[in-house]
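**Q** Have a look at this one.
The values are calculated or read from the model by the stated rules, or taken from the named source; none is laboratory data. The model shown is predicted, which means the values in this text are computed figures rather than measured ones. Methodologically, a virtual Cβ is constructed for each residue, glycine included, from the backbone with ideal geometry; neighbour enumeration extends over all protein chains shown. Remember, those area values only see protein heavy atoms, side chains included, never the ligands or the DNA or RNA. Shrake-Rupley method; radii C 1.70, N 1.55, O 1.52, S 1.80 Å.
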Amino acid sequence: MITPITGFSKLSKQEKVDWLVATYFNGNISSGLVLEQYWSKYEQLQDLHDGFSENTVSNYYVPFGIAPNFLINDTLYAIPMAVEESSVVAAASKAAKFWLDRGGFKATVLGTLKSGQVHITYAGASEVMVDFFAFAKAELLQSLDSINASMEKRGGGIQSLELVDKTSAMAGYYQLHATFETRDAMGANFINTTLEQLATTFRSLAQNYPGFENTQPEVVMSILSNYVPDCTVHVQVSCPVDEIGTINGVSGADFARKFVQAIQIATVEPYRAVTHNKGIMNGIDAVVLATGNDFRAVEAGVHAYAARDGQYRSLTQARVEDGDFVFEATFPLALGTVGGMTSLHPLSKIAMELLGNPTAADLMKITAVAGLAQNFAAIHSLVTTGIQAGHMKMHINNMLEQIGANPTEKEALKKEFANKTPSFASLKESLAAQRNK
Ligand code: MEV
């Protein structure tokens, strides 16, 4: 039986691995060696990575790939993508090439405002809370002066502060709802520090407020919101239907018609919408991760946005209008290009450099383009050949590895399956046949 451990975090990395081997791997040293194999021989780099998180025992590699030839607002980008799923980078590159020859991607930032709330409960009359907020607002804002100073210098800072009465949703529930401009920072720390200061000032002012003599409000929590419907970027591609050309044996006109239908289906049908948007996130997450941004925050915000009218829908739209095929999307993306992982992780720094050290607004555009391109590539395959042909061709390396083919056998099997869709069964059969020769 395994007994709980105390002081695990105090053990050295080697001691942690040894404990894991002894406790969870029956003393099998090879499991420990797998963990150690991934330690970097560059000590400084390893120390840096160990410092990112707690209780680290190894590094978890994700491929860092490049999708070149992205023409965005007339600038050519090679987009870094960190993703483990085969065919994502290939699909992005294919979409980039297709649109490179048709005018490229147009991207526009629509807004950069983020928000956060101090969540409060108060059992008294709402007029008292309203009066208190009117009395306290200037002082609440004033208490932020020193926190705001450097952000204000960069043209950012708190933009608004309002009291929101949420009592119809939950008895006694109010918010201080604040909006923020955080320039090139994602801004989570700035926003949370600001909100906690607001909460502190709120508490101290409330304590001595005569209206609250009998019933004191209580601050429940203060935290930024990862829902960012006012921090959005619009991205679009378009070309005359005549210029689409024949795609996988399908005429340009039929392709455009089926493409539009596919998007309509994802707009009205949540089962399809989730997979459709997952494909978009293949592109968005890969850039978010490569650039050291917080993909969980982006994921949460994007999916909430996809359901903003009460039903989960496609994030992309498509139409044929005056003979033009138009494909577009608006994505909520709170990203940073300074601070946090973006400037700590050496590969994120390289990713930023590769993108010309973009502003956060530029990174929003690039990331949104990767999402739209990924969706284009997915629908492109889905309404013509289906996705398995291309996907399995990319996935074949993983499958060959799993069935234990050696390098020579891998090459032979890849040749044999160049024009057919591989499955585990068919690959195993061909491998056995090869070995019996
Ligand atoms: C696979 O990772 C993503 C797709 O399923 C997206 C889609 O269906 O649109 C291909």
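**Q** Any chance you could count how many residues in region 310-321 are assigned to a loop (DSSP other than H, G, I, E, B) and open to solvent by 20 Å² or more (accessible area, probe 1.4 Å)?
**A** Taking region 310-321 and keeping what is assigned to a loop (DSSP other than H, G, I, E, B), we get 310-315.
Imposing the further condition that a residue be open to solvent by 20 Å² or more (accessible area, probe 1.4 Å) reduces the set to 310-313.
The qualifying residues number 4.
**Q** Quick one: is Ala138 loosely packed, with under 11 Cβ neighbours inside 10 Å and in contact with a strand residue (DSSP E or B) (Cβ under 9 Å, 6 or more places away or on another chain)? Step through it out loud before you land on a result.
**A** On the way: loosely packed, with under 11 Cβ neighbours inside 10 Å: yes; in contact with a strand residue (DSSP E or B) (Cβ under 9 Å, 6 or more places away or on another chain): no.
Here the answer is no, as Ala138 does not meet what is asked.
**Q** Quick test of your reading of the structure: Ser150 fulfils all but one of (1) of a type outside the set (A, V, I, L, M, F, W, C); (2) surrounded by 13 or more Cβ atoms within 10 Å (Cβ to Cβ); (3) not in a loop (DSSP other than H, G, I, E, B). Name the failing condition by number.
**A** Answer for Ser150: the failing condition is (2).
**Q** Taking region 168-184 as the region of interest, how many residues are touching a helix residue (DSSP H, G or I) at 6+ places or on another chain (Cβ under 6 Å) and open to solvent by 40 Å² or more (accessible area, probe 1.4 Å)?
**A** Matching residues across region 168-184 total 1.
**Q** Quick check: is even one residue across region 94-109 within 16 Å of the ligand (Cβ to nearest atom) and either at pLDDT 95 or above or in a strand (DSSP E or B) (or both)? Walk me through how you get there before you give the answer.
**A** If we filter region 94-109 for residues that are within 16 Å of the ligand (Cβ to nearest atom), which is where we start, we get 94-95.
Remaining after also requiring either at pLDDT 95 or above or in a strand (DSSP E or B) (or both): 94-95.
Within region 94-109, one or more residues are within 16 Å of the ligand (Cβ to nearest atom) and either at pLDDT 95 or above or in a strand (DSSP E or B) (or both).
**Q** Out of Ala123, Ala134, I need the residue that is in contact with a Ser or Thr (Cβ under 9 Å, 6 or more places away or on another chain) and assigned by TED's automatic domain parsing to the domain that holds Arg183. Which one?
**A** Numbers: Ala134 fails: in contact with a Ser or Thr (Cβ under 9 Å, 6 or more places away or on another chain).
Sole residue among the options that is in contact with a Ser or Thr (Cβ under 9 Å, 6 or more places away or on another chain) and assigned by TED's automatic domain parsing to the domain that holds Arg183: Ala123.
**Q** Could you list, in sequence order, all residues of region 110-137 that are aliphatic (A, V, I, L, M) and not in a helix (DSSP H, G or I)?
**A** Initial filter on region 110-137 (aliphatic (A, V, I, L, M)): 110, 113, 118, 120, 123, 125, 128-130, 134, 136.
Passing the criteria: Leu110, Leu113, Val118, Ile120, Ala123, Ala125.
**Q** Hey, does region 360-376 have a residue that's in contact with a strand residue (DSSP E or B) (Cβ under 8 Å, 6 or more places away or on another chain), more than 30 Å from Ala253 (Cα to Cα) and small (Gly, Ala, Ser)?
**A** yes
**Q** Still on this model: For region 185-193, does any single residue satisfy the condition of being open to solvent by 60 Å² or more (accessible area, probe 1.4 Å) and either assigned to a helix (DSSP H, G or I) or modelled with pLDDT of 95 or more (or both)?
**A** Yes, that holds for at least one residue.
**Q** Output the number of the condition that Val128 fails; it satisfies all remaining conditions of (1) within 16 Å of the ligand (Cβ to nearest atom); (2) touching a Gly at 6+ places or on another chain (Cβ under 6 Å).
**A** Of the numbered conditions (1) within 16 Å of the ligand (Cβ to nearest atom); (2) touching a Gly at 6+ places or on another chain (Cβ under 6 Å), the odd one out for Val128 is (1).
**Q** Yes or no: region 396-405 includes at least one residue that is within 16 Å of the ligand (Cβ to nearest atom) and of a type in the set (Gly, Ala, Ser).
**A** no
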